[in-house]
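What follows is a short report on a single structure.
The values are calculated or read from the model by the stated rules, or taken from the named source; none is laboratory data. Please read all numbers here as calculations on a predicted model, not as lab measurements. In this analysis, Cβ positions are derived from the backbone assuming ideal geometry, glycine residues included, and neighbour counts consider all displayed protein chains.
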Amino acid sequence: MAEKKVTVASSVGLHARPASLFAQAAAKVGVPVQLTSAAGKSVNAASILGVLSLGIGHGEEVTLSAEGDGAEAALETLGELLNTDLDKE
Amino acid sequence: MTDETKPLAELLAETSINLDASASSRDDAIRQAGAGLLAVGAIDEAYIDAMIDRENSVSTFMGEGVAIPHGTLAAKDSVKSDALSLIRFPDGIDWDGNDVRLAFGIAAKGNGHIALLSQLATVLMDPDKAEALRAATTTEQVYALLESEDEDD
């Protein structure tokens, strides 16, 4: 199991636009990825509804985890995305 | 989440719900969702154009036949108060290739939308509740479903 802790950089948190971009990216990495909030709730990172349900705010630390071939690379890609301010257009 | 979070049912006025709508296009559907927010004075009219701008930038389709049209950050000044509207399209709308049955218009000041979206997503993540909401024909059913998420809090 690969794990990566990331701080969410999006200036207003993982609301609709960043959550949607993140979930779309998670669906493309090739391995199932879990997103866990600071409160300890886990969801499928590729589910927009799941990501939104966590209500993750700016600066919150979340954990990404995945298993199998390519897990490390997938977490690297998604971690970078969360480290980016996705609200910048 | 802060204590200021209002329950979804309180944000959704009965006059902002239309459970038997049809729309000629995605933009028409968004304008109807915007009109529901306008009707309760939650936004000024400029916000509706911002909702379409947002949709053109990134789809607000969430899965489960639901879209959550809302304005851009730049349009925050057009929001007067936090509110939801709900438009149901029994025949579905072609929403950039997705079949949308429910459009929740969203107006939120400040960071209120994070908690609001979290509450809404939590309801919709339950496939049975999402299906019941897509099939709802009375406002009583809608309110009962939106309030049901408080159970495990």
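Annotations
- Against the list (1) out of contact with any Ser or Thr (no Cβ under 8 Å at 6 or more places or on another chain); (2) of a type in the set (Gly, Ala, Ser); (3) at pLDDT below 95, the condition B:GLY71 fails is (1).
- Some residue of the range A:64-75 being free of Cβ contacts under 8 Å to residues at least 24 places away in the same chain, closer than 20 Å to A:ALA9 by Cβ and either assigned to a loop (DSSP other than H, G, I, E, B) or of a type in the set (Gly, Ala, Ser) (or both): no
- In a residue-by-residue description of the range B:51-60, the property of being among the hydroxyl-bearing types (Ser, Thr, Tyr), part of a helix (DSSP H, G or I) and surrounded by fewer than 16 Cβ atoms within 10 Å (Cβ to Cβ) applies to at least one position.
- Residues being out of contact with any Leu (no Cβ under 6 Å at 6 or more places or on another chain) and assigned to a helix (DSSP H, G or I) - total across the range B:102-117: 5
Every residue, every condition in (1) over 23 Å from B:ILE30 (Cβ atoms); (2) modelled with pLDDT under 95; (3) in contact with a Cys (Cβ under 9 Å, 6 or more places away or on another chain), yes or no:
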| residue | (1), (2), (3) |
| --- | --- |
| B:ARG101 | no, no, no |
| B:HIS113 | no, yes, no |
| B:GLN119 | no, yes, no |
| B:LEU124 | no, yes, no |
| B:ALA132 | yes, no, no |
| B:GLU140 | yes, no, no |
| B:TYR143 | yes, no, no |
| B:LEU146 | no, yes, no |
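- The residues listed here are B:ALA21, B:ALA29; of these, the one that is in a loop (DSSP other than H, G, I, E, B), more than 16 Å from B:SER81 (Cα to Cα), of a type in the set (A, V, I, L, M, F, W, C) and modelled with pLDDT of 95 or more is B:ALA21.
- Scanning the range A:36-52 for residues that are farther than 21 Å from B:PHE61 by Cβ and away from chain B (no Cβ under 13 Å) turns up at least one hit.
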